[in-house]
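Contents: one structure, followed by commentary.
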């Protein structure tokens, strides 16, 4: 299916913004700007979970981390409360940027507002589009960043890792659970074991 002119405009504008990321990620042997690479992972998993996603979802997934490097985690204090404040601030920024880009590409204000709402995740659990975005983000994390995160946080104890896995699982829909279990078959043994342990014993 050929993309509409507004969709092409929005995706290309988001891609240009994310290509400015000074951080890099290697994908299939090629070094790419990290948030641009992330946006491609999001798009790939969106189409894996939803055969014919709407234009708003294609834009929301591509803009999930738009220009996130401009709002680093280091700009906030340590601790869980500050972490969630940072995440919420990022969501607002991503939503506003996506809405601005969509408006510039000719989208109706109601569509711009909808994508902004999706990216802030204010309606998670109550809105199918927001849940789909969360599913896609969780799949990208499990596939591309779980192993890296595990190595970076080697000081975390087993119980903390089990809580992280359970919280991630709890944010996902049954459709994403099914995809994640298939993905887990190819995970390194220590990560597969962690996942299996987390799911075998729900958090009390």
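The values are calculated or read from the model by the stated rules, or taken from the named source; none is laboratory data. Keep in mind it's a predicted model, so treat the numbers as computed, not measured. When we count neighbours, we look across all protein chains shown, and the Cβ atoms used for this are built from the backbone with ideal geometry, even at glycine.
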(Q) Among the numbered criteria (1) assigned to a helix (DSSP H, G or I); (2) touching a residue at least 40 places away in the same chain (Cβ under 8 Å), which one does residue 130 miss? (A) (2)
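Based on what the data block shows, is residue 97 modelled with pLDDT under 95 and in a helix (DSSP H, G or I)? Before you say what the answer is, go through the steps one by one.
Values: modelled with pLDDT under 95: no; in a helix (DSSP H, G or I): yes.
No; evaluated as a whole, the condition is false for this residue.
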Q: Could you please give the count of residues in region 8-60 that are under 20 Å from residue 136 (Cα atoms), assigned to a helix (DSSP H, G or I) and in contact (Cβ under 8 Å) with a residue 60 or more places away in the chain?
A: 12
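Here's the yes/no breakdown for (1) surrounded by 21 or more Cβ atoms within 10 Å (Cβ to Cβ); (2) modelled with pLDDT of 90 or more; (3) under 30 Å from residue 7 (Cβ atoms):
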| site | (1), (2), (3) |
| --- | --- |
| 120 | no, yes, yes |
| 123 | no, no, yes |
| 129 | no, yes, yes |
| 135 | yes, yes, yes |
| 143 | no, yes, yes |
| 148 | no, yes, no |
| 155 | no, no, no |
| 161 | no, yes, no |
| 164 | no, yes, no |
Q) Yes or no: residue 166 outside the structural domain of residue 65 (by TED's automatic domain parsing), closer than 22 Å to residue 90 by Cα and in contact with a helix residue (DSSP H, G or I) (Cβ under 6 Å, 6 or more places away or on another chain)? A) no
Q. Any idea which of 154, 176 is outside any helix (DSSP H, G or I) and not assigned by TED's automatic domain parsing to the domain that holds residue 48?
A. 154
Q) What tally of residues in region 61-74 results from selecting those that are exposed (fewer than 14 other Cβ atoms within 10 Å of the Cβ) and in a loop (DSSP other than H, G, I, E, B)? A) 1
